1. Along segment 323-336, what does the Karplus equation 6.51 cos²θ - 1.76 cosθ + 1.60 (θ = phi - 60°) give for ³J(HN,Hα), rounded to whole Hz, x for Gly and Pro?
2. When the expected Rg is taken as 2.2 N^0.38 Å, what fraction or multiple of it is the alpha-carbon Rg of segment 207-350?
3. Give, as a single signed number, the net charge of other residues whose beta carbon lies under 11 Å from the beta carbon of L291, with Lys and Arg counted +1 and Asp and Glu -1.
4. Mind ranking D314, D246, D286, D133 by accessible surface for me, highest first, 1.4 Å probe?
5. Looking at the chain, what % of its DSSP beta bridges pair antiparallel, to the nearest 5?
6. Angle check, please: helix 241-254 long axis (alpha carbons) against the longest principal axis of the chain (alpha carbons), in degrees 0 to 90, nearest 10.
7. By how many degrees, between 0 and 90 and to the nearest 10, does the Cα long axis of helix 53-65 differ from the longest principal axis of the chain?
8. Roughly how compact is the chain, stated as its Cα Rg over 2.2 N^0.38 Å to two decimals?
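The values are calculated or read from the model by the stated rules, or taken from the named source; none is laboratory data. Note that this is a predicted model, so its numbers are computed, not measured. A quick note on method: Cβ atoms are made from the backbone with ideal geometry, for glycine too, and the neighbour counts reach across all protein chains shown. Heavy atoms of the whole protein, side chains included, go into the accessibility calculation; ligands, DNA and RNA do not. Shrake-Rupley method; radii C 1.70, N 1.55, O 1.52, S 1.80 Å.
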Amino acid sequence: MLDTNAILEALRPVNDPELQKSLVELNMIRQVKITDGVVSFDLVLTTPACPLKGIITDDCRRAVTKLEGVKSVDINVTSEIPAQKAMADRVGIEGVKNIIAISSGKGGVGKSTVSANVAVALAQMGAKVGLLDADIYGPNAPIMFGLAGTRAVMPQGGGLEPPIAHGVKLISMSFFVDADQPLPWRGPMLNGVIRQFIYEVAWGELDYLIVDLPPGTGDAQLTLAQAVPMAGAVIVTTPQNVAIADARKGLRMFEKFTTILGVVENMSYFVPPDQPDKQYDIFGSDGGKKLAAELQIPLLGCIPLEIPVREGGDAGQPIVISAPDSAAAKALVAVAQSIAARAAVVALSD
Ligand SMILES: Nc1ncnc2c1ncn2[C@@H]1O[C@H](COP(=O)(O)OP(=O)(O)OP(=O)(O)O)[C@@H](O)[C@H]1O
Ligand SMILES: [Mg+2]
């Protein structure tokens with residue numbers, strides 16, 4: 001007989017390709033209805049704008065169509081981003097589902113660029129996103145969001161509403177001090193500021209809080225890694241050996257505290273706009289790929305060096321907005337999707 005149970009049984013062998021688990025067991029199939037042989041149900045995916053959506057819906061349709069009496073299948077695709085599990089020794093941020101650190105061993109490899117574009121890309125996919133600029137001494141996320149002159153005051157007792165740009169809630173030291181003023185602070189004060197940014201900002205409900213870290217393995221990284229339950233860390237590197245060596249160091253530190261979601265290789269190659277058939281490997285080639293293979297972690301993407309990436313950053317218009325058809329923007333959107341997918345895997349793993 002064609003009933004809800006029969007539909008669920010037919011769908012049971014269909015796996016989420018990323019999670020390698022049954023959609024039915026993951027509670028991703030809901031609201032099954034049958035009316036005169038027309039079967040309808042919700043398919044609740046675990047990431048916004050999942051790139052495998054087509055494959056998963058095709059698999060579901062095929063499984064259900066096989067049943068006797070089914071005239072057509074109507075699948076309503078939605079998403080519900082899973083939250084990371086709580087950790088006994090860490091205090092999470094209420095309402096924030098996934099905290100993701102973007103780090104690197106070496107400076108200037110593109111952490112802030114990756115952070116800004118990944119945050120905007122996730123917001124464009126429909127997720128609720130925040131970005132915490134943890135680079136206290138060299139905050140530049142606000143420039144990349146066109147919020148360079150914005151000022152904010154932390155209310156007594158906290159609860160500051162973060163400014164919003166391109167659909168992303170942003171907090172940065174540059175909202176509180178003049179950009180050209182040096183900060184004569186030492187470690188403990190810096191830790192205090194990062195803690196305030198984490199716990200005293202009114203982040204509200206967020207699917208992802210992206211944390212743009214300063215380079216290296218210093219206080220900011222440790223504070224974050226030890227204090228909050230993170231979904232994971234993403235390591236950004238350029239392909240050359242010195243950057244890879246530093247990236248390995250950063251990775252070693254983070255893996256003690258959290259999952260390494262993967263490696264992003266930035267400035268991977270340069271294609272001159274006036275000679276599109278040429279490619280120059282300015283910083284060498286395949287460094288990120290080799291690092292990922294060596295450490296058995298995913299390579300989340302390779303982003304080419306493109307002048308509009310830098311221009312977009314300086315102008316407060318991340319390239320995923322200013323030139324969405326460019327190779328760099330497409331690579332960054334794919335990186336955002338992979339990060340979301342990996343975070344869901346971590347959240348739903350046993
Ligand atoms: N793929 C790219 N193509 C062109 N320019 C890029 C690319 N990635 C980053 N840049 C530029 O390189 C510079 C450094 O990038 P970014 O500030 O993102 O690095 P960072 O790792 O955050 O640096 P820091 O260690 O100082 O925090 C910026 O001017 C940025 O616009
Ligand atoms: Mg930076």
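1. So the Karplus estimates, Gly and Pro as x, are 8, x, 8, 5, 4, 5, 4, 4, 5, 5, 5, 5, 4, 4 Hz.
2. Numbers: Rg = 15.8 Å, N = 144, 2.2 N^0.38 = 14.5 Å.
Relative to the rule-of-thumb radius for its length, segment 207-350 sits at 1.08.
3. Details: positive: R248, K289, K290; negative: D246, E265, D286, E294.
Net of charged neighbours comes to -1.
4. Values: D314 95, D246 45, D286 65, D133 0 Å².
Descending order: D314, D286, D246, D133.
5. Working: 10 of 48 bridges.
That works out to approximately 20 percent antiparallel.
6. That works out to roughly 70 degrees.
7. Helix 53-65 sits at roughly 10 degrees to that axis.
8. Working: Rg = 21.8 Å, N = 350, 2.2 N^0.38 = 20.4 Å.
Scaled against compact globular proteins, the figure is 1.07.
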